[in-house]
Every structure is written in C-alpha cells, then in structure tokens.
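Reading through the structure tokens given below for one structure.
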Amino acid sequence: MEIERFLREYKKIQSELTRKEYRGHLRRFEECMDEMHVTEEEVCPSHIRTFAGIVKGQFNFKTGENGMTESTVRSHLAAVSSYYKWRKLRNPALLNPVKSFKYYRTERTRKVVPIDSAAATAMYERAESATDKAVIKTLCGSGTRLGEFIQMDKTSITLDVAWEGSQQKLCGIVEVIGKGRKVRTVLISHSASIALVNYLEVRGDDHNPALVLSSRGKRISRRTVQRIVHRAAVKAGIGHAHPHQLRHFFGTQAVTRGVPDEEVQKLMGHVDLQTTYRYVRLTEEYILEQYRSVTDEWPMAS
C-alpha cells in the first residue's frame with residue numbers, strides 16, 4: 001500500500017491528527033491483507049467484513065477489555081474507503097470495497113448529556129489543582145477544541161481589561177490553529193482568564209512556552225486533559241465527561257444568552273452555520289427535557 005503517498009496527496013486530509021490516525025488504521029488494514037493473502041485489487045466486501053470484525057475484537061486500552069467501540073470501527077473503515085477513493089483517481093476501474101459493504105451498529109450510541117452551569121461550577125470547585133482548574137475554566141470559557149487548547153502558548157495570549165458597567169472585566173485573546181490549519185481568534189472569558197493568571201502565578205517562572213504544563217513539566221497532552229475533565233466530573237457527581245462537552249457548554253451558554261447565531265459560529269470556529277445550529281437544537285431539547293421533568297411531577301387537574 002502507498003500509505004505515505006496517500007497521506008501527502010489526498011487533499012481532504014488537512015489535519016495532522018487525522019493523518020496520524022489514518023496512518024495507524026491503514027497499517028492495521030495492510031497487516032490484515034497480508035494475513036488474508038490478498039492484494040489491494042483483490043479486496044472485496046467480505047474481506048472488509050473480516051477486517052471490521054478484527055478491529056471490533058481488539059483490546060481496548062481505555063476499558064482494559066477486548067472490544068472496540070463502533071466509532072473506532074467506523075473510523076478504520078473511513079480510512080480504508082478514503083484510500084480507495086484516492087487510488088480510484090489514478091485507476092478508475094478500481095472498485096471501492098467499503099462502498100458496497102454495509103456495517104450495522106451493534107451497540108446503542110451514548111447520548112451526550114449537556115453540562116449546565118451548576119455542573120460546570122461543581123467540576124471547577126472539585127478540581128484538584130490550579131492546573132486542573134485552569135484547564136476546566138479555559139475549556140468552558142473559550143469553546144476551544146481540545147487540539148486548539150493544548151497548542152496554546154503563554155506568549156500568544158493577550159490579556160485586556162474592559163469595563164462592564166461599573167466592573168472591570170479581564171478578557172483573554174489568543175490565536176489558535178483550528179481545523180484545516182486555519183488560524184482563528186479565540187476569546188477567553190473573565191473567569192477563565194483569572195484561573196489562568198492564578199495558575200501561572202503558582203507555576204512560577206520557567207522557560208517552557210506552553211500555556212499549560214503536565215505534572216512532568218511538559219506541554220499538556222490530549223490524554224491528560226481528558227483525564228482532568230473526567231476526574232473532575234466524577235467528583236462532581238456527573239459521571240463520565242469529555243472535553244468536547246465543555247465546548248458544547250460554551251456554545252449552549254452563548255445561544256441561551258442571546259448571542260446571534262453568526263457570532264456563535266465565529267466564536268466556535270465553525271465553517272458551516274448548520275454545525276452551529278446543533279447547539280441551538282441541543283439547548284431547546286435540554287430546556288424541554290427539564291420542563292418535562294418538572295411538569296411530570298405535577299398532579300393532573302381533576
């Protein structure tokens with residue numbers, strides 16, 4: 001397989017993280033082809049079915065048991081399908097075996113539970129350290145993606161003081177590289193800016209340019225941020241939580257407080273306004289769910 005050439009030439013892959021993920025998926029597929037004694041041209045839907053079953057049964061380091069999630073299986077199949085689409089550009093006669101393979105879900109998808117203000121506050125209060133508090137507050141108060149957050153540097157943030165009525169508000173401004181290697185400006189809320197200032201004071205002077213460091217003194221990793229958010233959520237009684245849920249929190253808060261959809265789109269870094277509308281729908285669904293939970297307790301009028 002021409003994996004590296006594919007990763008260089010396939011224009012739809014613009015994220016380095018996606019490129020790294022696809023590389024691993026395709027190498028696994030290449031190993032499976034060797035085991036099945038077939039070439040790229042000989043692969044058919046039955047081979048793809050076997051590959052999906054192999055991926056599904058792999059050891060899951062997150063759970064400590066055998067069995068990968070459906071999204072992981074679909075991610076592998078997407079990588080293989082993209083590879084065949086790229087090959088088809090040079091060989092139109094080549095068929096994409098993934099296209100005619102139907103993969104059916106065998107597990108229910110987990111519904112994302114919205115994190116409200118009370119839950120976000122509880123997570124912040126139960127965070128163990130200044131680092132954890134800065135991570136949670138910044139994710140909640142900026143709406144950044146996880147990949148955007150971990151790349152932030154100390155020197156890239158500008159703190160500005162503004163007046164809101166009779167009160168002074170601290171606001172952070174930072175440029176990050178988002179999806180598709182596009183540079184966008186992110187605003188950091190007053191409370192998040194305060195949490196970052198407190199963290200940097202505790203951290204002290206050092207020569208590491210990274211905004212947030214791990215306990216080992218290196219730039220914080222994706223996995224460490226995920227552990228921080230999950231740990232705080234468990235202590236707050238929420239259960240499992242992921243950094244992306246804090247991005248959802250930022251978006252739903254912006255919508256609830258009346259920020260225009262186009263402005264929310266810019267703040268979130270969405271290319272398509274339809275993506276932003278998901279947060280509008282999520283807010284409406286959440287409000288309706290809360291309403292029903294209250295009204296269901298009311299006695300019926302006689």
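Brief remarks follow.
- Residue match in region 160-168 (condition: over 25 Å from Arg19 (Cβ atoms), out of contact with any Pro (no Cβ under 8 Å at 6 or more places or on another chain) and modelled with pLDDT of 85 or more): no
- Pairing residues of region 11-39 that are in contact (Cβ under 8 Å) with a residue 12 or more places away in the chain with residues that are polar (S, T, N, Q), at Cβ distances under 8 Å and at least 6 apart in sequence or on separate chains, gives Lys12/Ser82; Ile13/Ser82; Glu21/Ser75; Tyr22/Ser82; His25/Ser75; Cys32/Thr50; Met33/Thr39; Met36/Thr50.
- As a summary of the residue check, Ala127 satisfies the conditions (1) assigned to a helix (DSSP H, G or I); (2) crowded, with 19+ Cβ neighbours inside 10 Å except for the one numbered (1).
- Test for Val229: is it closer than 15 Å to Ala134 by Cβ, touching a Pro at 6+ places or on another chain (Cβ under 8 Å) and in the same structural domain as Thr138 (by TED's automatic domain parsing): yes
- Only one of Leu94, Leu77 that is part of a loop (DSSP other than H, G, I, E, B) and modelled with pLDDT of 80 or more: Leu94
The values are calculated or read from the model by the stated rules, or taken from the named source; none is laboratory data. Note that the structure is predicted; figures quoted are calculated from it, not measured. Neighbour counts are summed over all protein chains in view; Cβ atoms, including those assigned to glycine, are modelled from backbone coordinates with ideal geometry.
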